[in-house]
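Here the structure is laid out as structure tokens; the discussion comes afterwards.
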Amino acid sequence: MAKMTISLPDNLAEYVENRVASGRYSSAGAFLAELILKDQLHHKLDDEELRNILRQAEESGPSDRRIPDILSETKAKLRDNNL
């Protein structure tokens, strides 16, 4: 097992200490390991989702829509969603 030394701002170090003190984690390392595993899973899902989107796009064939129309539609959706 590899050993790492990290520095955290006081408020984050206190948060980690509180999570360990709650009894759910045996150590700060166990808490951080769980966070890293969750992050890996999150990114794996993002990659899989992107692959699915690309596969669907490829299978759908060429579009008859023009790029300016696509951009206008996308901008309108973003505006409607306050993004």
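The table that follows gives values for the structure above.
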| item | result |
| --- | --- |
| Selected residue (only one of Leu32, Leu78 is aliphatic (A, V, I, L, M) and more than 21 Å from Glu14 (Cα to Cα)) | Leu78 |
| Residues (surrounded by 10 or more Cβ atoms within 10 Å (Cβ to Cβ) and either out of contact with any Phe, Trp or Tyr (no Cβ under 9 Å at 6 or more places or on another chain) or not aromatic (Phe, Trp, Tyr) (or both)) located in the stretch 22-35 | Arg24, Ser27, Ala28, Gly29, Ala30, Leu32, Ala33, Glu34, Leu35 |
| Any hit, the stretch 70-83, residues being in contact with a helix residue (DSSP H, G or I) (Cβ under 9 Å, 6 or more places away or on another chain), of a type in the set (Ser, Thr, Tyr) and surrounded by 10 or more Cβ atoms within 10 Å (Cβ to Cβ) | no |
| Cβ pairs under 7 Å, 6+ apart, first in the stretch 2-23 and under 16 Å from Leu35 (Cβ atoms), second at pLDDT 95 or above and aromatic (Phe, Trp, Tyr) | Val16/Phe31; Arg19/Tyr25; Arg19/Phe31; Val20/Phe31 |
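Residues are listed down the side, and each one gets a yes or a no for (1) among the polar types (S, T, N, Q); (2) touching a residue at least 60 places away in the same chain (Cβ under 8 Å); (3) more than 23 Å from Met4 (Cα to Cα):
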| residue | (1), (2), (3) |
| --- | --- |
| His43 | no, no, no |
| Leu50 | no, no, yes |
| Gln56 | yes, no, yes |
| Ser60 | yes, no, yes |
| Arg66 | no, no, yes |
| Leu71 | no, no, yes |
| Asn82 | yes, no, yes |
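The values are calculated or read from the model by the stated rules, or taken from the named source; none is laboratory data. Just so it is clear, the model here is predicted, and its values are computed rather than measured. Because the Cβ atoms are built from the backbone with ideal geometry, glycine has one as well, and the counts that use them run over all protein chains shown.
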